[in-house]
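Visitor: Dumping the structure here so I can ask a few things about it.
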Amino acid sequence: MKNITILGDGAWATTLALVLNKNGHKVTMWSAFKEYLDELKIKRINTKYLPDFRIPNDIEFEKDINVAISKSEIIVDAIPSKFYRSVLKEIKADVSHKIFVNVSKGIEQKTLRRMTEIIHEELGKVKTCVLSGPTIALEVANQMPAVAVSASNDFNVSKIVQETFFNESFRVYTNSDPLGVELCGALKNVIAIVAGISDGLGFGANAKAAILSRGIVEIARLGQAMKAKKKTFYGIAGLGDLATTCISPESRNRTFGEKIGKGEKFEDIVNSTSSIIEGATTTEAAYNLSKKYNVDMPITNQVYMILYHNKDPKKALLDLMTRTKKGE
């Protein structure tokens, strides 16, 4: 049994609490929203993000982040990317011997930093790992079969995290490319938005397949320019996660894109939901990364133009289809 603290109160944070509790670990949850933490403690149901599942009585809730962290040897970071750094800045407890597991799929907009980079900038040389893959929270909570990767530069760390999360319905593989895994998790959300736009415009499976197959190419192209391993992008964390996010009706990013394709406005969609749509902010970060590394990312460029320059989605997809002829 391990003592584990989860930072966050969203659907994935709650789902992982259920997984870890089932695996026999002692779980403590922390949230920046103290009143909501009280509600979770009393109701034992995450009514906002995962309403159909009861939170077991032996999962604890702690309002003080430093007390929560002091209790555990593994810290699971399930904080949205836009709040990630500010939450880490609150940590004053000794973390030198703890493992920080990032499960958030985003890129910091202003700095273009990945989440584990932010952990190291704010907390120093702590042990880090990335847990990522095609893992729709609702399915994992229902104990449907799912796979993920535990990625770290330190094999012993990735092995510990693998053993901690692994069970008969949640299979975890070790991986030695945390850079690639983090990029996959963030960038696939951009491609999923385009898949949703295609759905919103009424296009079919052919268009979806084109978006998915060409999307993974440009994600991998950027990843290789940033020194990630090419094979990561065609594995569980890359192609696997991309497929799920582009297809699943539960995918927030695909659903966001579908609404864009049907004519809804970016700001109206974001303001109408309490959930964080990581792909919306990651699009700008991905666009800026493509310029920084001089990488051609035509799909990402068009999503950026749609979201940040009000380009008509039909015109954007037409421009993608009529680009200069080239080989695959």
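Visitor: Run GLY106 past the list (1) surrounded by fewer than 20 Cβ atoms within 10 Å (Cβ to Cβ); (2) under 14 Å from the mean Cα position of the chain (by Cα); (3) assigned to a loop (DSSP other than H, G, I, E, B) and report the number of the one that doesn't hold.
Guide: GLY106 satisfies all of (1) surrounded by fewer than 20 Cβ atoms within 10 Å (Cβ to Cβ); (2) under 14 Å from the mean Cα position of the chain (by Cα); (3) assigned to a loop (DSSP other than H, G, I, E, B) except (1).
Visitor: Residue check, SER290 against (1) surrounded by 15 or more Cβ atoms within 10 Å (Cβ to Cβ); (2) within 30 Å of PHE33 (Cβ to Cβ); (3) polar (S, T, N, Q), all met but one. Which one?
Guide: (2)
Visitor: Separate question: Looking at GLY257, GLY261, GLY202, GLY223, which is the one that is of a type outside the set (D, E, K, R), surrounded by fewer than 21 Cβ atoms within 10 Å (Cβ to Cβ) and over 16 Å from the mean Cα position of the chain (by Cα)? Walk me through how you get there before you give the answer.
Guide: Numbers: GLY257 fails: surrounded by fewer than 21 Cβ atoms within 10 Å (Cβ to Cβ); GLY261 fails: surrounded by fewer than 21 Cβ atoms within 10 Å (Cβ to Cβ); GLY223 fails: surrounded by fewer than 21 Cβ atoms within 10 Å (Cβ to Cβ).
None of the other options fit; the residue is GLY202.
Visitor: Name, by its number, the condition in (1) outside any helix (DSSP H, G or I); (2) touching a residue at least 60 places away in the same chain (Cβ under 8 Å); (3) touching a Ser or Thr at 6+ places or on another chain (Cβ under 6 Å) that does not hold for PHE100.
Guide: (2)
Visitor: Let me ask something else. In the set LYS2, LYS41, LYS71, which member is in contact (Cβ under 8 Å) with a residue 40 or more places away in the chain, of a type in the set (D, E, K, R) and either farther than 19 Å from LYS92 by Cβ or not assigned by TED's automatic domain parsing to the domain that holds VAL161 (or both)? So that I can check it myself, show each step before the final result.
Guide: Numbers: LYS41 fails: in contact (Cβ under 8 Å) with a residue 40 or more places away in the chain; LYS71 fails: either farther than 19 Å from LYS92 by Cβ or not assigned by TED's automatic domain parsing to the domain that holds VAL161 (or both).
Exactly one residue qualifies, and that residue is LYS2.
Visitor: Kindly check whether there is at least one residue in segment 137-148 that is surrounded by 23 or more Cβ atoms within 10 Å (Cβ to Cβ) and modelled with pLDDT of 95 or more.
Guide: Scanning segment 137-148, I find at least one residue that is surrounded by 23 or more Cβ atoms within 10 Å (Cβ to Cβ) and modelled with pLDDT of 95 or more, so the answer is yes.
Visitor: OK, next. Checking the condition closer than 28 Å to ALA280 by Cα and touching a strand residue (DSSP E or B) at 6+ places or on another chain (Cβ under 6 Å), which residue from THR47, THR116, THR111, THR28 passes?
Guide: Details: THR47 fails: touching a strand residue (DSSP E or B) at 6+ places or on another chain (Cβ under 6 Å); THR111 fails: touching a strand residue (DSSP E or B) at 6+ places or on another chain (Cβ under 6 Å); THR28 fails: closer than 28 Å to ALA280 by Cα.
Answer to the selection: THR116.
Visitor: Please determine whether any residue of segment 63-83 is of a type in the set (Lys, Arg), assigned to a helix (DSSP H, G or I) and under 30 Å from ALA280 (Cα atoms). Quick ask: steps written out before the conclusion?
Guide: Initially, segment 63-83 is screened for residues of a type in the set (Lys, Arg), giving 63, 71, 82.
With the extra rule that they be assigned to a helix (DSSP H, G or I), the set shrinks to 82.
Filter once more, so that each one left must be under 30 Å from ALA280 (Cα atoms): 82.
Checked segment 63-83: at least one residue is of a type in the set (Lys, Arg), assigned to a helix (DSSP H, G or I) and under 30 Å from ALA280 (Cα atoms).
Table: residues versus (1) within 20 Å of LEU16 (Cβ to Cβ); (2) over 22 Å from the mean Cα position of the chain (by Cα); (3) assigned by TED's automatic domain parsing to the domain that holds ALA285; (4) not β-branched (Val, Ile, Thr).
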| position | (1), (2), (3), (4) |
| --- | --- |
| VAL27 | yes, no, no, no |
| TRP30 | yes, no, no, yes |
| LYS34 | no, yes, no, yes |
| ASN102 | yes, no, no, yes |
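Visitor: While we're looking at this one, here's another question. Test LEU16 against the stated conditions and say whether it is in contact (Cβ under 8 Å) with a residue 24 or more places away in the chain and closer than 22 Å to VAL147 by Cβ.
Guide: So LEU16 fits the description; yes.
Visitor: Please state which one of THR232, THR174, THR245 is in contact with a helix residue (DSSP H, G or I) (Cβ under 8 Å, 6 or more places away or on another chain) and either outside the structural domain of THR283 (by TED's automatic domain parsing) or surrounded by fewer than 20 Cβ atoms within 10 Å (Cβ to Cβ) (or both). So that I can check it myself, show each step before the final result.
Guide: Values: THR232 fails: either outside the structural domain of THR283 (by TED's automatic domain parsing) or surrounded by fewer than 20 Cβ atoms within 10 Å (Cβ to Cβ) (or both); THR245 fails: either outside the structural domain of THR283 (by TED's automatic domain parsing) or surrounded by fewer than 20 Cβ atoms within 10 Å (Cβ to Cβ) (or both).
Checking each option against the conditions leaves just THR174.
Visitor: On to the next question. Working only within segment 293-328, note down all residues that are among the hydroxyl-bearing types (Ser, Thr, Tyr) and surrounded by 11 or more Cβ atoms within 10 Å (Cβ to Cβ).
Guide: Residues of segment 293-328 that are among the hydroxyl-bearing types (Ser, Thr, Tyr), as a first pass: 293, 300, 304, 308, 322, 324.
The answer is TYR293, THR300, TYR304, TYR308.
The values are calculated or read from the model by the stated rules, or taken from the named source; none is laboratory data. The structure presented is a predicted model; accordingly, all values stated were derived computationally and were not measured. Backbone-built Cβ (ideal geometry, glycine too); neighbour counts: all protein chains shown.
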